[in-house]
Each structure stands twice: as C-alpha cells, then as structure tokens.
Amino acid sequence: MSRPLQRGVLGGVRVPERGYDLWDSQSKDKIEKEDLDKRGSADHSPFALRFPLRVLLGNNSESKYGNVKAENGFASDPFMVGTPRSLLKLMLLSLKFSLVFIVVLALTGSFWWTLSISSSSRGHIYHGYRRLQEKLVSDLLDIGEFSRGPLRLKESEFCSEEFENFVPCYNVSENVELGVSDGNEVDRQCGRELRQNCLVLPPVNYKIPLRWPTGKDVIWVANVKISAQEVLSSGSLTKRMMMLDEEQISFRSASHMFDGIEDYSHQIAEMIGLRNESYLIQAGVRTILDIGCGYGSFGAHLFDSQLLTMCIANYEPSGSQVQLTLERGLPAMIASFTSKQLPYPSLSFDMLHCARCGIDWDQKDGLLLIEADRLLKPGGYFVWTSPLTNARNKENQKRWKFIQDFTLTLCWELLSQQDETVVWKKTSKKSCYASRKSGSGPSLCGRGIDVETPYYRELLNCIGGTQSSRWVPIEKRERWPSRANLNNNELAIYVLQPDELTEDSDSWKIAVQNYWSLMSPLIFSDHPKRPGDEDPSPPYNMFRNVLDMNAHFGGFNSALLQARKSVWVMNVVPISGLNYLPLIQDRGFVGVLHDWCEAFPTYPRTYDLVHAAGLLSLETEKHRCSILDLFIEIDRILRPEGWVIIRDTVPLIESARPLTAQLKWDARVIEIESDSDQRLLICQKPFFKRQAS
C-alpha cells in the first residue's frame with residue numbers, strides 16, 4: 001500500500017535532558033576560558049544567549065569584578081587592549097550592533113509587507129497587522145525582563161509513560177473496589193481523584209495524523225492504544241471494517257467485506273421508505289447518535305451525505321472505539337448508557353443507531369429505552385441491529401417481546417424488520433400518549449422536571465420533552481443546510497430576535513477569516529511548511545477536530561462551515577453559563593454540556609484546535625478552578641502542533657499569558673480593535689517526543 005503524505009513533520013522536539021551549553025569550547029583558547037571561569041560574568045546564564053535582548057538593554061548593576069587587582073598590585077584596566085576583558089567587551093559591542101541591525105531590518109520588512117495587504121483586509125476586525133510590529137518590540141522587552149533574573153514560573157513537568165492514554169474520572173478498577181457493579185463501574189466518577197498537574201507526552205513513535213480526508217481512512221498505529229489481537233477479535237459490523245499493517249490501520253480495502261457498511265446504510269434507508277441513505281436529509285435526518293459505534297465507519301460513510309454522526313462508547317483502556325474514531329477525524333466522546341442521563345438536552349437527535357452495541361435494552365425495566373426516547377426528536381428514528389431480534393430460544397424471545405411491548409407504550413411505531421435490524425419511528429403527535437391504556441407504560445414528565453440540562457443525573461422513569469416548546473417533528477423542520485438558520489418562530493423559543501443571531505453570525509464570519517490569517521508562520525516563523533505542500537492556505541497544519549469550549553449560539557461552528565472549512569466542531573456549553581445547547585442541536589450541530597472544572601470525556605491528543613471565547617471570564621467568576629487547571633486540561637486533549645485561541649478581557653489575557661510559558665506553548669497576544677477591552681491569546685503546542693527507553 002502506498003504511504004500517504006504525512007500531515008506534518010515527524011521529527012518533533014525531543015525533551016531536553018540538560019541545560020543549554022553557553023560557550024563553544026572549540027571557539028575559545030584555553031587561557032581565555034580559564035580566565036572567564038575565574039571571573040564569571042553578569043551575562044553568564046542560559047537566557048543571556050537564548051534571549052539576546054538583554055545585551056541590548058544592558059546591565060546597570062555594579063560588576064562584582066570591579067576591584068580585582070593584577071599581580072603587580074595595580075587594578076587591571078578593563079579596557080586595556082589585548083586583555084581578555086577587552087576582547088569580551090568588543091565581542092559584546094559587536095553583538096549589540098548586530099542585533100540592532102537585525103531588529104531594524106525585521107521591522108522595515110514587516111512595514112513594507114503591511115503596506116502590501118489589500119485594503120479589504122485592513123477593514124477587518126483585526127486591522128492592525130502593523131500592531132504585530134509593536135507586539136514584536138513588546139515581546140522582546142518582555143523577554144529582556146525575563147533574562148534579567150530567574151524565571152518567575154516553573155515549567156510544568158512531563159507525566160510518566162502510564163499517563164499517555166489516561167482519562168480522568170474513568171477509573172474502572174477504583175469503582176470496582178468501591179463496590180460499584182451491575183455495569184455501572186464504567187460510569188464517569190469525578191471528584192475523588194487528585195488533579196494531574198503534569199503534561200501528557202505522546203507515545204514514542206507518535207506521528208502527526210494524516211490530513212483530511214486521507215486521515216478518515218488511514219491512521220497511524222502508534223497514535224492509538226490497540227493490539228493486533230483486539231483488531232482481529234473486533235466483533236461488531238462497524239469494527240470489522242479495518243485492516244492492520246506494520247505502521248497503519250486502514251479502513252478501506254478492495255475486499256467485499258468493506259462494502260458491508262454501504263449495503264447496511266442502504267438497507268436502513270430502504271426500511272424507512274427511502275431510495276438510499278443520501279435521501280435521509282430529505283426525510284429530516286441530520287444528526288445521529290451512534291451508540292457503541294465500533295470505530296466510526298458508519299458515521300464516516302454517512303458523512304458524504306452531509307449527515308453528522310456523534311459516536312459514544314464506554315471508556316476502554318485499550319482498543320477504544322472513541323479514541324480510534326476521533327483519530328479518524330470523526331465526532332466522538334466517552335459516554336455510557338448505564339445509570340446516568342447523557343449530557344444532552346431532550347429532543348437532541350434525529351436518529352439513534354445501535355448496531356450490536358452491547359446494551360441490553362430490556363434491562364432496568366426499560367429505563368434505557370426511556371432515555372433513548374428523551375434524546376430523540378419527534379418523528380425521529382431508532383435503529384437497532386442485534387441477534388436478539390431473531391431469537392430462537394425462549395429466554396431471548398421473552399426479552400425481545402418485552403422490548404416490542406415497551407416501545408409501543410413509548411408511542412414508537414415499528415416501521416420494518418429485516419434480518420437482525422429493526423427500525424422504529426417516534427411519534428410526532430402528543431395525542432398518542434393520551435390514547436394509551438390507563439396505567440400502561442411510563443408517565444409523562446411534569447413541567448417542573450428539567451430535561452434540558454441533564455448533566456449526568458440519575459435516569460428518569462418518565463417520558464421527557466413532551467412539555468417542551470421545542471416539540472417540532474423532524475419532517476416539519478428546515479432541511480439541512482437551511483436548518484442552521486433558525487426561523488423567527490424557532491428563535492422565539494429562545495427569546496431571541498433574528499438580528500441577534502444575524503449579528504452573531506456576521507461577527508464570527510470575520511473572526512474565522514482573521515483566525516486563519518493569524519494562525520500562520522507569520523507569527524510563528526519557525527513553523528515549517530509540510531512536505532509536498534504547494535503553498536497551502538494558512539494555517540499550514542490544517543485541522544479537522546475542533547473544540548469550542550464556550551459555544552454560545554454555535555456561531556463559530558456556523559462560520560467555519562460557511563467558510564467551507566473541512567472541520568467538525570464539538571460545541572461545549574459550560575454548566576456555569578446560559579444553556580444554549582438546545583439551540584445548537586436544533587441548528588443541526590452537535591455539542592455537549594460540561595463542567596470545565598472537571599476533565600472532558602475524551603482521550604489525550606484528540607483535538608487540533610481548541611477555541612474559548614469568554615470562558616475565562618465565565619469560570620473565574622465562580623472561583624472553583626484556576627486558569628492553570630483549564631490550560632493543563634487543554635494541553636491534555638490537544639494534539640502536538642495543535643492550536644489554542646482564547647478571546648477574553650485584557651486583564652485575564654495578560655494574567656493567562658505567563659502560564660503558557662509554564663506549559664511550554666508558543667504564544668502571542670493580539671489586539672483586536674483599538675477601542676476594544678478584549679484581546680486574543682493565540683498559542684501553539686510544540687511537538688515534544690518521549691525519549692525511547
């Protein structure tokens with residue numbers, strides 16, 4: 001198999017084991033070296049050479065060598081020609097002039113480059129590319145201040161190798177020791193463990209993922225934790241769609257077995273009454289929750305039909321469905337259908353899919369089916385593939401009969417059954433619940449029960465969403481992509497005016513355009529162009545998986561799609577703020593509720609870009625966790641060479657910027673508008689590699 005081009009440079013930056021060597025021993029003769037060792041120097045520190053501006057700024061402190069005397073009893077003249085001291089001074093003077101010349105040359109070149117920017121670009125919200133010149137001088141001055149003394153902040157340590165794939169809040173062995181059982185040991189349990197304040201390094205042979213769409217079908221074996229035996233023993237239909245070689249896992253092949261996903265998707269569409277899966281959009285389907293998704297092949301296939309599939313699966317220490325799906329550039333997160341509600345509002349998805357997902361829907365007196373019903377929009381579809389639907393023994397036939405009877409009480413219509421696959425359709429009419437026999441099936445949830453912010457609460461034994469003003473059948477909603485622009489009636493549900501959403505969308509369009517320009521080697525000049533690229537648009541390390549930590553209306557997601565960026569966005573709505581996640585889901589996007597003082601339910605190195613607008617202001621008001629805690633979690637889930645964009649008030653950005661040095665990020669503060677009280681903090685995570693043992 002021909003090897004695709006890699007998405008980035010594979011070498012990375014090796015973790016340093018010792019400090020910088022300050023003087024080249026081969027460039028000094030022995031006498032001068034001994035003399036310098038005896039005398040020392042005020043500039044003898046790693047930062048004197050690493051940050052040369054200190055030479056320009058000078059050192060006003062009195063030299064501790066001023067009273068040193070020569071052997072004849074007279075004080076030695078520090079400027080006497082021919083002495084080692086004079087040679088050192090001449091070298092420093094020459095270095096000063098050289099650095100001044102370089103800075104002037106850089107500023108001049110940047111000035112002429114600024115003049116070449118088109119007039120339309122100057123009108124954008126970031127109208128000061130000239131301010132990058134000012135920031136350059138400001139940054140050099142800041143570096144000079146650092147070089148005058150020891151670092152104020154100690155750099156964070158790297159975690160040990162055991163944390164390479166560590167996910168906080170999912171300690172299965174600890175849950176078992178605490179007596180958690182009945183399948184609930186895989187549940188998320190936050191708060192008991194100590195917070196990890198170290199930086200997670202990638203595996204030894206980690207490589208930057210391949211660019212989309214190549215990366216959808218081919219991933220590097222070293223980037224995920226999976227064994228050959230786990231690949232061969234993968235049982236579900238969607239898991240079998242893979243092949244393993246020495247360095248890569250391929251999800252495409254000439255084998256007839258790989259046509260199974262296409263045939264399976266086609267079968268589901270026909271069972272609904274459609275010609276093929278490309279017509280699902282016309283039936284009102286846009287977002288799909290894929291429970292126990294295998295390795296994401298079902299969602300990968302449907303992506304070409306503009307269907308957005310969110311994969312959820314239990315935490316798995318090895319062979320993780322979620323980790324492999326995210327590595328392919330597809331939406332996924334850790335979540336369990338066990339004892340807690342999933343962190344999605346009611347009426348969130350157009351379809352739920354479960355192909356041999358390992359969930360016993362007949363258990364817990366149907367509570368899991370009630371939760372599935374809560375997540376489905378009116379008129380939505382529930383697709384289940386399981387051997388239980390073709391049961392031969394009496395016990396399994398009894399279980400299958402229970403599921404059939406219970407779904408009737410939920411007002412689900414069984415549309416079709418073919419082989420092991422069954423398709424139900426949720427009712428679009430509320431009157432169906434009133435027509436049920438008295439005492440049959442779960443009751444309806446009252447108005448006092450909040451079904452919009454179910455942040456890992458206990459499962460409810462009542463049908464949720466029927467009291468919601470969002471009860472709109474999927475066939476009556478706008479088809480995608482028009483669905484992303486909510487109509488006036490839909491906006492009224494959220495007490496929003498049309499101009500509010502329009503203004504939000506327009507501002508994010510401009511922001512995305514300028515983000516793309518700012519995340520380029522014009523800021524990080526040492527970032528190389530990728531091998532084989534022919535002048536790609538910046539940023540050169542194009543990203544696929546995007547995490548918006550404070551999504552608000554989902555405007556950032558919308559602007560990225562309108563700009564035709566090949567990304568998907570995990571829209572996160574913090575539980576500490578206003579809950580606009582129902583609006584985001586109604587727009588045809590995917591998202592989740594989350595507490596950012598806890599770990600996000602994903603594996604390390606799963607996102608290419610993390611974006612946070614106003615999150616620092618929101619979280620620091622509560623004083624429950626620090627900015628450093630947030631940054632360490634961002635570093636855990638960010639891929640090497642990944643980007644971070646933080647937009648917030650000037651004081652918070654200024655207090656956050658020193659922390660980026662502690663995390664070893666490359667960082668710049670960018671002014672937005674001259675009269676704005678906000679700034680941008682744009683960072684990039686370097687590619688550090690663990691030394692092979």
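Throughout, read-outs are computed from the coordinates displayed, never taken from laboratory work. Small disclaimer: the values here were computed from a predicted structure and weren't measured. FYI the Cβ positions are ideal-geometry reconstructions off the backbone, even for glycines, and counts take in every protein chain you see.
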Exercise. Starting from the amide H of LEU415, placed 1.01 Å from N in the peptide plane, find each other amide H under 5 Å away whose residue is 5 or more places distant or on another chain.
Key: VAL423, TRP424, LYS425
Quiz item: What is the set of long-range amide H partners of HIS594 at a cut-off below 5 Å, with H atoms built 1.01 Å from backbone N?
Solution: VAL573, ILE575
Practice problem: Report ³J(HN,Hα) in whole Hz for each residue of segment 480-489, in order, from the Karplus equation J = 6.51 cos²θ - 1.76 cosθ + 1.60 where θ = phi - 60°; Gly and Pro get x. | Solution: 5, x, 4, 4, 5, 9, 5, 7, 4, 5
Quiz item: Just going by the charge dipole of segment 482-689, with Lys and Arg at +1 and Asp and Glu at -1 on Cβ, which of VAL573, LEU486, LEU630 is farthest out on the positive end?
Solution: LEU630
Self-check item: Sorted by Cβ neighbour density within 10 Å, fewest at the top, the residues VAL650, VAL221, VAL383
Solution: VAL650, VAL221, VAL383
Quiz item: In which sequence would HIS266, HIS353 go, from the one with the fewest C-beta neighbours within 10 Å to the one with the most?
Solution: HIS266, HIS353
Quiz prompt | Label point 7 Å beyond Cα of SER676 along Cβ direction - residues of segment 465-509 with amide nitrogen under 12 Å | solution = 507-509
Quiz item: Amide H neighbours of ASP666 under 5 Å, counting only residues 5+ apart in sequence or on other chains, H built in-plane at 1.01 Å?
Solution: GLN684
Practice problem: Using θ = phi - 60° and the Karplus relation 6.51 cos²θ - 1.76 cosθ + 1.60, list the HN-Hα couplings for segment 320-332 in order, rounded to whole Hz, with x at every Gly or Pro. | Solution: 5, 5, 5, 4, 5, 5, 5, 5, 7, x, 10, x, 6
Quiz item: Once phi is turned into θ = phi - 60°, what whole-Hz ³J(HN,Hα) does the Karplus curve with 6.51, -1.76 and 1.60 give for every residue of segment 584-595, x standing for Gly and Pro?
Solution: 4, 5, 5, 7, x, 9, 10, x, 7, 7, 7, 9
Quiz item: Rg to Rh ratio, segment 482-689, alpha-carbon atoms and Kirkwood radius?
Solution: 0.95
Exercise. May I ask you to sort LEU491, LEU501 by Cβ crowding, counting other Cβ atoms within 10 Å and putting the fewest first?
Key: LEU491, LEU501
Quiz item: Treating the beta-carbon of each Lys and Arg as +1 and of each Asp and Glu as -1, no other charges, what is the dipole magnitude of segment 259-476 about its Cα centre, to the nearest 20 debye?
Solution: 940 debye
Quiz item: Suppose every K and R has +1 on its Cβ and every D and E has -1 on its Cβ; what is the size of the dipole of segment 418-500 about the Cα centre, in Debye to the nearest 20?
Solution: 480 debye
Practice problem: Beyond 32 Å between alpha-carbons counts as too far, so tell me which of LYS364/LYS429; LYS340/LYS685; LYS225/LYS398 fall in that bin. | Solution: LYS340/LYS685; LYS225/LYS398
